[in-house]
């Protein structure tokens with residue numbers, strides 16, 4: 001299956017599965033639509049600007065956890081000043097539990113991360129939906145069953161919209177304010193001021 005162009009007008013650009021290969025490390029196993037125009041959904045290829053996508057979706061130390069969620073950023077492909085927002089749900093499963101074991105599965109556990117790449121920073125809302133999808137995907141016990149992921153891409157594009165960013169409670173879904181303050185302490189105010197600054201103001205603040 002191929003695509004000739006990436007539609008950046010949709011809230012969700014891609015849904016991607018990243019897997020850990022015992023020889024090649026983290027790599028793209030599946031992407032809908034394909035990450036590279038004209039490519040296939042099962043291609044390992046990524047745009048040069050997104051070469052770090054696999055390692056962002058399965059960071060170092062992820063093998064120590066059976067499941068986790070991760071947020072990350074990527075640059076826009078057509079506009080480097082535009083941000084693509086990534087949400088990934090990581091899972092680990094025992095190889096012996098799989099119905100289908102492909103030749104590249106040689107270890108006792110399989111590590112994969114299901115990611116959503118979006119134009120909208122709706123982290124918590126996307127994560128809440130993605131956790132359910134990732135759980136269902138792993139329950140298949142056969143990672144070739146990707147129709148659920150394609151349906152997820154279409155459903156998210158039908159339900160997410162830019163108006164959700166206009167101060168509604170769903171923007172802050174999943175945000176732990178207590179943890180934010182405990183982690184950054186007095187630097188929270190600095191971060192807040194940076195958010196209020198435009199790009200020119202940030203450059204000036206960093207130069208001071």
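Things to note:
- When only alpha carbons are used to place a centre, segment 49-73 and segment 127-146 end up 17 Å from one another.
- Estimated FRET transfer efficiency (residue 81, residue 185; beta-carbon r; R0 25 Å; 0.05): 0.25
- Of the peptides 82-89, 32-39, 58-65, the ranking by mean beta-carbon count within 10 Å, highest at the top, reads 82-89, 32-39, 58-65.
- Taking every alpha-carbon pair under 8 Å whose residues sit at least 6 apart, segment 43-110 reaches a relative contact order of 26 percent.
- Three-way shape label, segment 29-94, alpha-carbon gyration tensor, a/c 1.5: oblate
- Relative contact order (percent, whole number), segment 33-81, Cα cutoff 8 Å, 6+ residue spacing: 28 percent
- The length gained on full extension between residue 151 and residue 192, counted as 0.36 nm times the residue separation minus their Cα-Cα distance, comes to 11.1 nm.
- Packing here is the average count of other Cβ atoms within 10 Å per residue, and on that basis the peptides 182-190, 40-48, highest first, run 40-48, 182-190.
Read-outs: derived from the displayed coordinates by stated rules, not from any lab. Since we're looking at a predicted model, the values are computed, not measured. Reconstructed Cβ throughout: ideal geometry from the backbone, glycine too, with neighbour counts over all protein chains shown.
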